1. Name the long-range amide H neighbours of Arg34: under 5 Å, sequence gap of 5 or more, or other chain; modelled H, no Pro or chain starts.
2. What do you get for the angle between helix 70-84 and the principal long axis of the chain? Use alpha-carbon atoms, 0 to 90 degrees, nearest ten.
3. Whole-Hz ³J(HN,Hα) for each residue in the stretch 99-108, computed from phi via Karplus 6.51 cos²θ - 1.76 cosθ + 1.60 with θ = phi - 60°, x for glycine and proline: what do you get?
4. Give me the distance between the Cα centres of the stretch 97-134 and the stretch 2-47, rounded to whole Å.
5. Short version: ³J(HN,Hα) in whole Hz for each residue of the stretch 234-247, in order, from phi by Karplus 6.51 cos²θ - 1.76 cosθ + 1.60 (θ = phi - 60°), x for Gly and Pro, what are they?
6. Sort His131, His46 by Cβ crowding within 10 Å, fewest neighbours at the top.
7. Counting each DSSP H run of 4 or more residues in the chain as -39500 (n - 2.57), what helix-only mean residue ellipticity at 222 nm follows after dividing by all residues, to the nearest 500 deg cm²/dmol?
8. Return one number: the angle in degrees, 0 to 90 and rounded to the nearest 10, between the long axis of the Cα atoms of helix 156-176 and the longest principal axis of the Cα atoms of the chain.
Amino acid sequence: MADGLLKDSVAIVTGGSKGIGHAVVAAFLREGARVHYFSRTKAEDHAELEALAASGGGVVAWTACDVADEKGVEAAVDAVAAAEGRIDVVVNNAGITRDNLVFRMSLDDWDTVVRTNLTSAFLVSRTAARHMIKKRSGSIINVSSVVGIMGNGGQTNYSASKAGLIGFTKSLAREVSARKVRVNAVAPGYIDTAMTEAIPEEAKAKLAAAIPLGRTGSPEEVAKAVLFLASDLASYVTGEVLKVDGGLAMRGYASIAKPATKPLRGFVDPQEQGHGPWNRGAE
């Protein structure tokens, strides 16, 4: 078979056991990458990922890791570099939500979301970048959200963390570009996963109607954008934020998201735990 876009590239994907992260792992394996995914739990279909890796000429390995723990992250990233000899790609995808209106939100809810969604990207990138700059090569992709661009009621913590990822992306890109390391972000919109099944059909219809392309997206479509940024196809791209949202951010959702006294569950943007539809699927 022809060599894939990431043939023999060593990649780390956080939150890779399900949703968008899982789709990224699978996409990378199809392109021949050696993928190490960090998550609290192993993917339910890990055996299938191993078969996919074998068919694509790659490797898949799981590391149990709390990406908000500084020492644990350093140990996990350094272990990959020691085992593989290098790190070529990092995808910071892990994320959680704890939604509430700001005057009802606890400090713990704020801190936990920011630490998991934003600080984890700093921790993983800091350690990985040390290895990348030595090799004068590498690509870091941060999974942000259109909510980080547009905001969303009931998600001040989540929106702030995702907006922070965009600023982090652009600043880090400036810091490491001289060492030939690229840093970019993707900003998914409404991504359809099994977690969105609990959303009422009427709310789903309104959401789809607000999207210029007239439909929701899939984790695989986000993964293709991440694959592009990770590969040499994007060799002249750094410091950019690629929206994968069907055009939603250019239109906004003000027409369907009315001010409310409590969070609109049809508009929340969690990545991990199934509390709403936006870019569902980080771990």
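We did not get these values from a lab; they are worked out from the coordinates using the rules stated. Here the structure is a predicted model, which means the values were calculated and not measured. Note that each Cβ is placed from the backbone with ideal geometry, even for glycine, and that neighbours are counted across all protein chains shown.
1. For Arg34, whose amide H was placed from the backbone, the distant partners under 5 Å are Asp8, Ser9, Val10, Ala11, Val59.
2. 40
3. So the J values, rounded to whole Hz, are 7, 5, 5, 4, 6, 10, 7, 7, 4, 5.
4. 22
5. These are the phi-based 3J(HN,Hα) values: 10, 5, 10, 10, 8, x, 9, 10, 9, 6, 10, 9, x, x Hz.
6. Numbers: His131 22, His46 16.
Ranked by crowding around the Cβ, least crowded first: His46, His131.
7. On the way: 10 runs with 113 residues, N = 283.
Dividing the helical sum by the residues of the chain leaves -12000 deg cm²/dmol.
8. 30
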